[in-house]
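Trainee: Sharing a structure with you now.
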Amino acid sequence: MSEQRTFRVWRGDKDGGEFATYETKVDPGMVVLDVIHRIQAEQANDLAVRWNCKAGKCGSCSMEINGKPRLSCMTRMNVFAPGETITLQPVKTFPLIRDLVTDVSWNYEQNQRVRPFKPKPRGADGKMRMYQEDVDRVQEFRKCIECYLCQNVCHVLRDRDGKAAFTGPRFLLRLASLEMHPLDDDDRIPEIKDEFGSGMCNITKCCTDVCPEHIKITDNAIIPLKERVVDRYYDPLKKLFRVFTGSK
Amino acid sequence: MATRDLPALGGHPEGFAGSMRTDRWWIEPVLTVLVLGAFGVYATWAAFQGNHYYADPYLSPFYSPLIFVDSAAAVPGGAPEHHAWFGGHWPAWWPAFLPHSPAFFILAFPGAFRFTCYYYRKAYYRAFTGSPPGCAVVPTAKSRRYKGETAWLLFQNLHRYAMFFAVLFIPILGYDALLSFWKGGLPWDGGQFGIGVGSLVLTINVILLGGYTFGCHSFRHLIGGKDDCMSCGKATMRLKLWKRVTILNMKHQNFAWFSLFWVGFTDVYVRLVSQGIWTDLNTWG
Ligand code: SF4
Ligand code: SF4
Ligand code: FES
């Protein structure tokens with residue numbers, strides 16, 4: 001049965017804005033993005049919202065719904081209490097373009113900073129081999145849809161002005177997928193520590209909490225990277241061992 | 001237009017622990033403060049007691065391993081001298097202001113393990129330092145000089161050393177659990193086999209602590225995770241181990257809380273049985 005619901009939607013641009021209230025009919029099975037489209041069609045033709053797939057796979061429709069970073073196309077209306085007012089905001093961490101749309105290009109710049117896969121030399125038979133169980137680990141990371149909800153929720157980027165020192169969980173994830181790859185030949189540990197700022201993360205796991213692909217970002221990517229950084233830089237016995245053996 | 005008091009661009013609140021979240025996100029940090037705080041207070045109190053840590057055949061995990069006992073003083077609920085690794089002569093260098101409590105020799109090790117544990121770091125950075133108190137909640141101490149774990153928190157990188165010690169405690173506590181089935185010592189010392197509620201309490205304790213310790217992120221890294229090619233096409237031990245540890249690691253939070261609760265409860269149990277307040281149901285009669 002359809003019901004009348006109240007939505008507060010942030011309307012504005014870089015010069016400022018305010019919440020506008022819309023009452024609209026919600027049908028069973030609708031997701032938040034459906035409701036936004038209905039408001040757009042019936043009451044606010046100029047309401048800006050970014051979306052593409054409506055299937056949780058393109059990562060375009062990220063926003064904050066009742067204060068929680070979520071994909072609007074994957075947030076079903078029946079998760080809210082009956083009669084609850086629903087507040088929609090753009091993500092906080094990236095500059096607002098208009099209404100619910102932000103400029104996430106900082107993330108693409110981060111992506112370009114990551115050196116691409118550098119394959120190891122081929123084996124004697126001219127082939128390159130890797131084994132499924134060795135790449136299972138990094139395959140999890142490839143589920144990422146680049147919605148940047150993790151980048152948005154990470155307090156280092158969101159509330160600490162940390163963008164100069166920290167690349168954010170999404171790109172530590174990408175770095176982990178290369179660093180742990182059995183056929184990648186690059187040494188990425190020094191820059192993971194110094195340029196990408198693995199030490200800025202305090203492993204509070206909000207990235208993991210919001211990831212719509214349920215990637216265990218902190219446990220499976222960031223902490224293992226931190227442990228590799230410890231191996232190289234902070235483990236006193238390993239350091240001593242390297243001094244005596246002259247190894248890297 | 002946005003002013004200091006009005007919502008910032010996008011309508012996100014900026015004040016102390018500001019958030020648009022409508023759920024009760026603050027329950028988790030409040031519970032963390034209460035439970036960790038209560039445990040810290042109880043463990044410190046119990047360590048300062050220096051007595052009632054033993055009720056034959058049960059030894060409290062807060063006091064195990066027993067390094068020294070003070071056999072010169074008649075400690076109520078203390079362990080017999082042969083239980084202590086280095087006997088019953090309390091070291092002469094012991095500072096006078098501290099009670100002669102065997103707990104002081106060992107509690108720092110599990111303490112350091114939990115303090116530097118990746119899971120507890122998450123829990124107390126959120127709950128005690130509000131950094132952040134919840135997801136999409138403004139950090140309570142919103143300093144521009146936030147340095148993460150790069151500055152004075154660099155010591156957290158030594159977690160693996162705390163883990164090495166914590167691993168050593170597991171066989172020791174396992175041995176205590178085994179001893180808890182033999183009243184009066186092992187069979188060749190004339191002990192008598194049996195089973196009591198305390199035996200179960202001590203056994204569950206070492207199982208939970210083992211689950212917690214072997215699910216450690218540093219352990220997972222060192223036993224295999226550090227290698228990109230854990231199998232390289234062969235059924236290697238390290239891949240097998242890594243997979244097992246991964247199962248525990250995914251439940252690390254649960255093991256962290258259950259084992260914390262249970263190790264505290266085990267001390268309470270032994271203490272109250274030793275004081276005669278609780279009666280241990282057992283087959284020894
Ligand atoms: S775990 Fe680290 S990267 Fe993820 S949100 Fe927290 S601080 Fe950011
Ligand atoms: S890691 Fe998860 S939350 Fe982050 S961008 Fe990828 S899919 Fe989104
Ligand atoms: S519209 Fe593609 S993820 Fe939501």
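Trainee: Looking at the range B:165-184, can you tell me whether even one residue there is within 30 Å of A:VAL210 (Cβ to Cβ) and under 16 Å from the mean Cα position of the chain (by Cα)?
Mentor: There is no residue in the range B:165-184 that is within 30 Å of A:VAL210 (Cβ to Cβ) and under 16 Å from the mean Cα position of the chain (by Cα).
Trainee: Is there any pair with a first residue in the range B:217-233 that is without any contact (Cβ under 8 Å) to a residue 24 or more places away in the chain and a second that is among the hydroxyl-bearing types (Ser, Thr, Tyr) whose Cβ atoms are under 7 Å apart and which are 6 or more apart or on different chains, and what are they?
Mentor: B:MET230/B:THR236; B:SER231/A:TYR131; B:CYS232/A:TYR131; B:GLY233/A:TYR131
Trainee: Which of the residues spanning the range A:97-129 are acidic (Asp, Glu) and either more than 13 Å from chain B (Cβ to nearest Cβ) or touching a helix residue (DSSP H, G or I) at 6+ places or on another chain (Cβ under 7 Å) (or both)?
Mentor: Selection gives A:GLU109, A:ASP125.
Trainee: Answer yes or no as to whether B:THR140 is among the polar types (S, T, N, Q), more than 9 Å from chain A (Cβ to nearest Cβ) and either on the phi < 0 side of the Ramachandran plot or open to solvent by 50 Å² or more (accessible area, probe 1.4 Å) (or both).
Mentor: For B:THR140, the condition - among the polar types (S, T, N, Q), more than 9 Å from chain A (Cβ to nearest Cβ) and either on the phi < 0 side of the Ramachandran plot or open to solvent by 50 Å² or more (accessible area, probe 1.4 Å) (or both) - is met.
Trainee: OK, next. Of all residues in the range A:215-248 being more than 12 Å from chain B (Cβ to nearest Cβ) and not in a helix (DSSP H, G or I), which is nearest to ligand 3 (Cβ to nearest atom)?
Mentor: Once the filter is applied, the top-ranked residue is A:ILE215.
Trainee: For residues that are within 16 Å of ligand 3 (Cβ to nearest atom) and among the basic types (Lys, Arg), scanning just the range A:129-185, find the one that is least open to solvent (accessible area, probe 1.4 Å).
Mentor: Per the stated criteria, the residue is A:ARG170.
Trainee: Condition test on A:ILE65, is it in contact (Cβ under 8 Å) with a residue 60 or more places away in the chain, in the same structural domain as A:ALA20 (by TED's automatic domain parsing) and of a type in the set (A, V, I, L, M)?
Mentor: It is false that A:ILE65 is in contact (Cβ under 8 Å) with a residue 60 or more places away in the chain, in the same structural domain as A:ALA20 (by TED's automatic domain parsing) and of a type in the set (A, V, I, L, M).
Trainee: Next question. Test A:CYS201 against the stated conditions and say whether it is within 16 Å of ligand 3 (Cβ to nearest atom) and closer than 15 Å to A:ALA176 by Cβ.
Mentor: no
Trainee: Here's something else I'd like to know. What number of residues in the range A:194-213 are part of a helix (DSSP H, G or I), within 15 Å of ligand 2 (Cβ to nearest atom), within 8 Å of chain B (Cβ to nearest Cβ) and not hydrophobic (A, V, I, L, M, F, W, C)?
Mentor: 1
Trainee: Let me ask you something else. Of the residues A:GLU64, A:GLU23, only one is within 16 Å of ligand 1 (Cβ to nearest atom), modelled with pLDDT of 95 or more and either touching a Gly at 6+ places or on another chain (Cβ under 7 Å) or part of a strand (DSSP E or B) (or both); which?
Mentor: It is A:GLU64.
Trainee: It is to be established whether one or more residues within the range A:76-86 are assigned to a helix (DSSP H, G or I), open to solvent by less than 10 Å² (accessible area, probe 1.4 Å) and more than 16 Å from ligand 3 (Cβ to nearest atom).
Mentor: Within the range A:76-86, none of the residues are assigned to a helix (DSSP H, G or I), open to solvent by less than 10 Å² (accessible area, probe 1.4 Å) and more than 16 Å from ligand 3 (Cβ to nearest atom).
Trainee: Looking at A:CYS61, A:CYS53 in this structure, which one is more than 14 Å from chain B (Cβ to nearest Cβ), surrounded by fewer than 15 Cβ atoms within 10 Å (Cβ to Cβ) and touching a helix residue (DSSP H, G or I) at 6+ places or on another chain (Cβ under 8 Å)?
Mentor: Going through A:CYS61, A:CYS53 in turn, the sole match is A:CYS53.
Trainee: Could you check, for the range A:128-139, whether at least one of its residues is within 16 Å of ligand 1 (Cβ to nearest atom), assigned to a helix (DSSP H, G or I) and either within 13 Å of the chain's Cα centre (by Cα) or among the aliphatic types (A, V, I, L, M) (or both)?
Mentor: Looking for residues that are within 16 Å of ligand 1 (Cβ to nearest atom), assigned to a helix (DSSP H, G or I) and either within 13 Å of the chain's Cα centre (by Cα) or among the aliphatic types (A, V, I, L, M) (or both), one finds none in the range A:128-139, hence no.
Trainee: Consider only pairs whose beta carbons are under 8 Å apart and that are at least six residues apart or on different chains; among these, list those whose first residue lies in the range A:167-193 and is part of a helix (DSSP H, G or I) and whose second residue is of a type in the set (Phe, Trp, Tyr) and within 16 Å of ligand 2 (Cβ to nearest atom).
Mentor: A:ARG170/A:TYR148; A:PHE171/A:PHE196; A:LEU172/A:PHE196; A:LEU173/A:PHE141; A:ARG174/A:PHE141; A:LEU175/A:PHE196; A:ALA176/A:PHE141; A:SER177/A:PHE141
Trainee: When you go through (1) among the small types (Gly, Ala, Ser); (2) within 14 Å of chain A (Cβ to nearest Cβ); (3) open to solvent by 70 Å² or more (accessible area, probe 1.4 Å) one by one for B:ALA17, which number turns out not to apply?
Mentor: (3)
Trainee: Same structure again: Evaluate the following for A:ASP159: is it within 11 Å of chain B (Cβ to nearest Cβ) and more than 14 Å from ligand 1 (Cβ to nearest atom)?
Mentor: no
Trainee: If you take the residues of the range B:20-38 that are of a type outside the set (A, V, I, L, M, F, W, C) and out of contact with any helix residue (DSSP H, G or I) (no Cβ under 8 Å at 6 or more places or on another chain), which of them is surrounded by the fewest Cβ atoms within 10 Å (Cβ to Cβ)?
Mentor: B:ARG24
Trainee: To continue, here is another question. With the structure loaded, tell me whether A:LYS120 is of a type outside the set (S, T, N, Q) and touching an Asp or Glu at 6+ places or on another chain (Cβ under 6 Å) or whether it fails that test.
Mentor: In short, yes.
Trainee: Take A:CYS58 and tell me if it is touching a Ser or Thr at 6+ places or on another chain (Cβ under 9 Å), closer than 22 Å to A:VAL210 by Cα and within 16 Å of ligand 2 (Cβ to nearest atom).
Mentor: no
Trainee: If you don't mind, another one. When you scan the range B:197-212, do you find a residue that is in contact (Cβ under 8 Å) with a residue 60 or more places away in the chain and within 14 Å of chain A (Cβ to nearest Cβ), even just one?
Mentor: Looking through the range B:197-212, none of the residues is in contact (Cβ under 8 Å) with a residue 60 or more places away in the chain and within 14 Å of chain A (Cβ to nearest Cβ).
Trainee: Return the total of residues in the range A:186-224 being open to solvent by less than 10 Å² (accessible area, probe 1.4 Å), within 19 Å of B:THR150 (Cα to Cα) and more than 8 Å from ligand 1 (Cβ to nearest atom).
Mentor: 8
Trainee: Within the range B:237-249, is even one residue modelled with pLDDT of 95 or more, over 19 Å from the mean Cα position of the chain (by Cα) and among the polar types (S, T, N, Q)?
Mentor: yes
The values are calculated or read from the model by the stated rules, or taken from the named source; none is laboratory data. Fair warning: this is a prediction, and the values are worked out from it, not measured in the lab. Cβ: placed from backbone, ideal geometry, glycine included. Neighbour counts: every protein chain shown. SASA here: full protein model, heavy atoms, side chains in, ligands and nucleic acids out. Shrake-Rupley method; radii C 1.70, N 1.55, O 1.52, S 1.80 Å.
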